[in-house]
1. Counting Lys +1, Arg +1, Asp -1, Glu -1, what net charge surrounds residue B:61 among other residues with beta carbon under 14 Å of its beta carbon?
2. Can I get the semi-axes of the range C:10-262's equivalent ellipsoid? Compute them from the C-alpha gyration tensor as square roots of 5 times the eigenvalues, in angstrom, largest first.
3. Return the inverse of the average 1/r over all pairs of distinct C-alpha atoms in the protein assembly as shown, which is the Kirkwood hydrodynamic radius, in Å to one decimal.
4. Round to the nearest 10 and give me the degree value, 0 to 90, for the angle of helix B:95-110's Cα axis relative to the longest principal axis of chain B.
5. Can you give the charge dipole size of the range C:10-262 about its Cα centre, rounded to the nearest 20 debye, using +1 on the beta carbon of Lys and Arg and -1 on the beta carbon of Asp and Glu?
6. Please work through the protein assembly as shown and write down the cysteines that have no neighbouring cysteine Cβ at a distance under 4.7 Å.
7. For residue B:219 paired with residue B:21, estimate the spin-label separation in nm (one decimal), with each label point 7 Å from Cα along the Cα-to-Cβ line.
8. If you look at just the Cα atoms of the range B:62-327, how large are its Rg and its Dmax in Å?
Amino acid sequence: MSAAEVHMALAGRRQREGRRVVLALGGLVALVFCLVFLTLSCGRGCLAPADLMAALLGHEDAPGFIVNDLRLPRAALSLVTGLCFGLGGVAFQVMLRNPLASPDIIGISASAGAAAVFAIVILSFDGWVVSAVAVVSGLVVVVMIWALSSRRGAAGARLILIGIGVSAMLDSVTAYVLLEAPAWDRAEAMRWLTGSVNGAQMGQVWPVLGALVVFGGLLAAVSRDLDILRLGDDAAQALGVRADGTRLRVTVAAVGLVAFATSAAGPISFVAFLSGPIAARVMGPSRGLLPAAGLIGAVLVLAGDYVGQFMLPYRLPVGVVTGAVGAPFLLYLIVRTNRNGGTI
Amino acid sequence: MTFGRSSALFGLSGGVVLVLATVFLSLVIGARSVPWAEIWQGLNGQIDSIGAAAVAVRVPRTVLAVLAGAALGISGAVMQGITRNPLADPGILGVNAGAALFVVVGIAWFNISGAATFLWLGIAGAGCAAVFVYAIGSVGQGGATPLKLTLAGTATSIAASAFIIAVVLPRNDIAGNVQAWQVGGVGGARFQTILPALPFALVGLLLSLASARILNALALGEELAAGLGQNVALGRIVAAAGAIVLCGVATALCGPIGFVGLVVPHLCRLTGGIDHRVLIPMAGLGGAVLLGLADVAGRIVARPNELDVGIVTAFVGAPFFIWTVRRHRMRGL
Amino acid sequence: MNVMAKARQLTAQELSAGYDRRTILEDVSLEVPAGKITAIVGGNACGKSTLLRTLARILQPKGGSVLLDGKAVHQMPSRAVAQVMGLLPQSPIAPEGITVSDLVGRGRHPHQGLFSRWSAADDRAVEAALEATGTRAFAERELDTLSGGQRQRVWIAMALAQETDVLLLDEPTTFLDVAHQIEVLDLLVDMNLARGTTVVMVLHDLNLAVRYADHLVALADGRIHSEGAPEAVLTEDMVRAVFGLECRIQRDPISGGPSMVPIGRHKSQLA
């Protein structure tokens, strides 16, 4: 190839890649939109689009209660928590260079869940305070896992194993606190153990949306440095990226996203874990991994909730559906990685 | 050699004393405080007062905790020996979850009842899960490293619990029972359910003890064990069968209980050395002590409620798991 | 290549460095000759990599300082340093499935702002780097599909695309067979001659270091044993002190410079 040909090839590829990113993200946005529409209009029976619009606009004779008070909060909560889990999960996976290092496997979701249950049941907090407690405990657990797994040498595997141990311990705390709860009903327990958007209210949506704006913005601001960090700490630092500073900001952002979402809907199983690897397959090695993972998280929660509500012989919370999908995927990932013999 | 034998005897007799002490505590301490006289009445079967009745319930419960603890401890020691993996534990490797899934499906879909059927289901489930996890964990280079096995076990556990929830949630008639059983409890123990389990437990114990020598050889690595004239494949199968039967029995009786099989063998190795002929019986005694004490602790910390023993062992065992991860320079870590 | 490198003054002053509580480098002062190739040699665990990593401001020194044109690099903004000084670490990590041109493009990171888009200058730098390293032919291929030598050339291309005046390399020839080692070192000399880039590299192979370097630094136990022109530094005494090895120095029939032949306990005709 001559220099001119290389130039053309590179420029052409960048253009194609740009188109691909736009196309893929656009497709995902459309899919999310469709799922939101489906959640709003179709329950046991389906509404005509005109009726749906009328209800959303508050017309008298439209089925306003079902749409505005039941389905809209549910769709909104699914959307924002899915985005949060997807973004938070992929941020951890990219930062630690390991798809297994997602917040739901290394114990961050478990800690946010345990803290939220503790704050609600024992301390009788609600609203923003619960989320704040969840964020703080998520950060504490991250620091703890890091401190426990830091030793020179390959810290990645140790970090994941220690995270699994921390998860097990915190889940037992959650189970204990739920036992102490005065009105311990199984639906509530299910929310905190596997995640659910049953009985969603708009009041739960706003804090998560706020977290999405603040922490999602922080994540967007460091996303380029995060991308460079994939080359390894030394190479990243040689390229002018401060590895520790980047990691700190990414951690705060990701824990914030995951903790707020968890305190609203529980640790919806495996959404944080699944979104990143799926997004990587959709996007290829091109950029746009973060937004794609967020959108896929939203797709997973919306679709999982719809399937759990209406497509099975009985109703299941979304976390059970995503858990049933996610666990085989985790096994597949382990087998694939083992066969390749490389890092995961 | 004489020194090794006498110290082993010392360790074993110490273990027996600890088990007796645990049994005593478990009979005496409970969610309700009972005076000594009534405790004595309860143990003699004179159930005239509420206190005596409470104590009478503690008897089968204590027997179950000791039995299941011993089974899990031995099972963990054997699994760690077979896989040469310091993190092996019936809970962590997903074997308990497999047993639980089979039992729950049996209850929910096939209306199965009766203690003996539960036992068969539990053992079958444990066996399937063990083979599955080991197969997935040993794909690729390096064989079954601790990381790969643990991950495969975790994934299998999560998958099994998702399916259990999916099976149980729509069935309000059985949901309460299954849920209490699934957390891991010895609270509802009755002698009618424990008795049929004894032959199974005995078979598991004998298989495990029979495999002690091969486990000693395996500790040196597969090639060397084969070089020492051991039939490695057969020995592994015998040992695995013993471990699976034991943890299947324990799970069928009290639901999945994690971390006992992890913690106990490590503690026993610290005191009793690494010879499996000593380690296996020690792990049995140690498991009985640990689960018995965990049950007692569960009755105290959440008064007037009772904390299921599975929650207590997870809370105590998980830090131990972390400590083990930190301490070992493991393959694949 | 079109952009000539500026001559930069990279010096270490009474530098001490190490990991955790262990001090590996002690009191090292070094002046890197601008526009030349410097090779750092020494036995295992003598502090070669530590010195290079501290020069590259990846490791914080325990004492002393590293100056780039008179300014302490550890106090400068990391991005500003990255525009002047590049580093190729010993084992960089390639994201799965990344293409060669994409990876080389990552070298442009220090020249891009938070919101600035890919520019024509970025394009030129990437193309020049691909050209210089002879990796143009597989610009579109995935890195995983290349051989070890090709992959190392791609990493060097990434460092070149950074367009720095100083380039530090940590054992750029490890894991390469001898033909690829020569290929990589030739490439570095090409670059040094074409752009006047100052090169500092850690090398394992003493004879290759002597042949390719203008300036040789021999480290022993965290201190500089000797430095200077390779002909002056490579002596039987130096090899004995630094590597603990008896040897003979003879003339390299190819370069005409000195070359080291080790003496072991066996297969010797000397006695």
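Rule-based calculations on the coordinates, nothing more; no lab input. Just so it is clear, the structure is predicted and the values come from calculations on it, not from any experiment. Note that each Cβ is placed from the backbone with ideal geometry, even for glycine, and that neighbours are counted across all protein chains shown.
1. Details: positive: B:32, B:58, B:190, B:299; negative: B:295, B:306, B:308.
That works out to +1.
2. Working: eigenvalues 184, 105, 48 Å².
Largest first, the range C:10-262 gives 30, 23, 15 Å.
3. Details: mean 1/r = 0.0320 Å⁻¹.
One over the average 1/r among Cα pairs gives 31.2 Å for the protein assembly as shown.
4. 50
5. On the way: 23 positive and 32 negative charges, 106 e Å.
Approximately 520 debye in magnitude.
6. A:34, A:84, B:128, B:247, B:254, B:268, C:46, C:247
7. Taking the simple label geometry, residue B:219 and residue B:21 are separated by 2.6 nm.
8. In Å, with Rg to one decimal and Dmax whole: 17.4, 59.
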